[in-house]
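Report on the structure given below.
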Amino acid sequence: MKYDIVTIGDASEDIFVQPRDMKVIKDSKMLSGKAASFELGEKILLEDVQYEVGGSACNTSVAFRRQGYNSSLVVAIGQDTPGKKVLERLGEESVSTELILQDQSYKTNFSIVFNIDDERTIFVYHGLKDYSCLVPNKSLSTKWVYLAPIGQGDEDVIDRVSVLAAEKNVRVGWNPGVIQIEKKAQHYRQMLKCLNILFINREEGIRFANFPVKPQIKDIVKVLHGYGPKIVVLTDGKNGAYAYDGQSHYHIEAVNQQRVDATGAGDSFAAGFMGRIMQDIAETNQDSIVDALKWGALNSTSVVGYIGAQKGLLTKEALIEGSMNPDIRVEIYN
Ligand SMILES: Nc1ncnc2c1ncn2[C@@H]1O[C@H](COP(=O)(O)OP(=O)(O)OP(=O)(O)O)[C@@H](O)[C@H]1O
Ligand SMILES: [Mg+2]
């Protein structure tokens, strides 16, 4: 096999700024009751700026590489400055850029993250309008695929990943995005049937499984597991994460840590969890799921302690060492 893991999805440049003169105002029309305000036509001073690289496929390919896996990614970038930044970072991390589509007809994704009053407000530019160009080759030589959230044109990519799983024995982890969540799990029977790990957060899980009322965690993971994935991993922000393998339920608390920037929490959890499962030589058992939850929690805790989605990604050694800490426990119940 050429690769241990190939990730598919987005890569972007993420610029983090700290504006000085933006005020938080009360606004009952907003869901949170709060809005940011600034004087129209004013110059807003930025106190700090940090240039980072992000995008779920890019974050996870770097995460897997830090764990020692031979990783590559299928993303589309333009011949522009953000595209160059993405390539530069991947080069520094020794992630293979061989599968990247770079063309002047694409514009690389980028986002600007405003940090105002401990909240992050993100302006996102999606350069890729049709994700069907990301369909991986039928002869893709990899043990694992991680499919990150993707936009319109997703169907072709998902169909091809299902074929790779069903016919080529490629193992697959999937974190569905907004478009897939809206189409609901029923729509993805084929994909879910051959999935090794489904990664989803609590709110997404409720929508994806199409619950009319707010369900128990146990019911969400059971329904999703019923569609076929061997393991369902449901994250719940600072409440930690849950897993279900069809037999036991698992829960891990979030590892306590000062949150600096939540960007990349989901990606790093998934890459930590999956990275541990990828170590299994025999069938995945209870012990490896316990360890995998620890790797996920440790990786994500580390990432939210830094600005950007990649800086805190841990090495395999750090994950092994961290998971030996007796304070980090996984609860197993039926
Ligand atoms: N404030 C925090 N402190 C410590 N750990 C956190 C914090 N926020 C998230 N995590 C860890 O990250 C994991 C994933 O977070 P979350 O459930 O928010 O994912 P998500 O909603 O998919 O995030 P994303 O916005 O990155 O897609 C959690 O299960 C938890 O272990
Ligand atoms: Mg997420």
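The values are calculated or read from the model by the stated rules, or taken from the named source; none is laboratory data. Predicted model, so just to flag it, every value in this text is computed and none were measured. All Cβ positions, even for glycine, are placed from backbone atoms using ideal geometry, and neighbour counts span all protein chains on display. These area figures cover heavy atoms from the full protein model, side chains too; ligands, DNA and RNA do not enter into them. Shrake-Rupley method; radii C 1.70, N 1.55, O 1.52, S 1.80 Å.
Which number do you get for Rg(Cα) / (2.2 N^0.38 Å) in the range 125-242?
So the Cα radius of gyration is 1.05 times the expected 2.2 N^0.38 Å.
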For this session: Return the aspartates and glutamates within reach of residue 316: Cα separation strictly under 13 angstrom, same-chain partners fewer than 8 residues apart disregarded; answer none if there are no such residues.
Result: 291
Problem set entry | Long-range tail of P(r) for the range 183-237 (Cα pairs > 12 Å, %) | 60 percent
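Is there a quick way to get the dipole size of the range 15-152? I mean about its Cα centre, with the Cβ of Lys and Arg at +1 and of Asp and Glu at -1; what is the value in debye to the nearest 20? The partial results should precede the final answer.
Details: 16 positive and 17 negative charges, 88 e Å.
Approximately 420 debye in magnitude.
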Exercise. Going out from 0 in 5 Å bins, what whole percent of all Cα-Cα distances in the range 258-334 drops into each bin?
Worked result: 3, 18, 26, 23, 18, 8, 3, 1
Exercise. Assuming a viscosity of 0.692 mPa s and a temperature of 37 °C, what translational diffusion coefficient in µm² per second does Stokes-Einstein assign to the range 206-334, Rh being the Kirkwood radius over Cα pairs?
Worked result: 220 µm²/s
Seminar exercise, completed: Sorted largest first, the Cα spans of the range 112-194 on the principal axes come out in Å as 50, 27, 22
Problem set entry | Alpha-carbon spread of the range 1-95, three principal axes, descending order, Å | 56, 28, 23
Problem set entry | With eigenvalues of the C-alpha gyration tensor scaled by 5 and rooted, the range 1-47, Å | 38, 18, 8
Seminar exercise, completed: Per residue, accessible area of the range 116-233 with a 1.4 Å probe, heavy atoms of protein chains only, in Å², comes to 49 Å²
Seminar exercise, completed: Percent antiparallel among DSSP beta bridges confined to the chain, rounded to 5, stands at 50 percent
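Helix-only estimate, please: 222 nm mean residue ellipticity of the chain, summing -39500 (n - 2.57) across DSSP H runs of length 4 or more and dividing by its residues, to the nearest 500. Let's see the in-between values first.
Values: 10 runs with 105 residues, N = 334.
Only helices count here, giving -9500 deg cm²/dmol.
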Exercise. On the first, second and third principal axes, largest extent first, how far apart are the outermost C-alpha atoms of the chain in Å?
Worked result: 61, 43, 41
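Ignoring ligands, DNA and RNA, what percent of the 1.4 Å accessible area of the range 193-334 is carbon and sulfur?
Values: 3090 of 6580 Å².
Carbon-and-sulfur percentage of accessible area, whole number: 47.
Scale the Cα Rg of the range 55-171 by the rule-of-thumb value 2.2 N^0.38 Å and send over the ratio, two decimals.
Details: Rg = 15.1 Å, N = 117, 2.2 N^0.38 = 13.4 Å.
So the range 55-171 has a normalised radius of gyration of 1.13.
Taking the highest mean first, how do the peptides 200-206, 162-168, 235-241 order by number of other beta carbon atoms within 10 angstrom per residue?
200-206, 235-241, 162-168
Counting only protein heavy atoms and a 1.4 Å probe, tell me what percentage of the range 1-112's accessible area is made up of carbon and sulfur.
In the range 1-112, the share of accessible area belonging to carbon and sulfur is 49 percent.
Which pairs, out of 107/183; 85/311; 193/230, put more than 18 Å between their alpha-carbon atoms?
Values: 107/183 27 Å; 85/311 15 Å; 193/230 9 Å.
Where the Cα-Cα span goes over 18 Å, the pairs concerned are 107/183.
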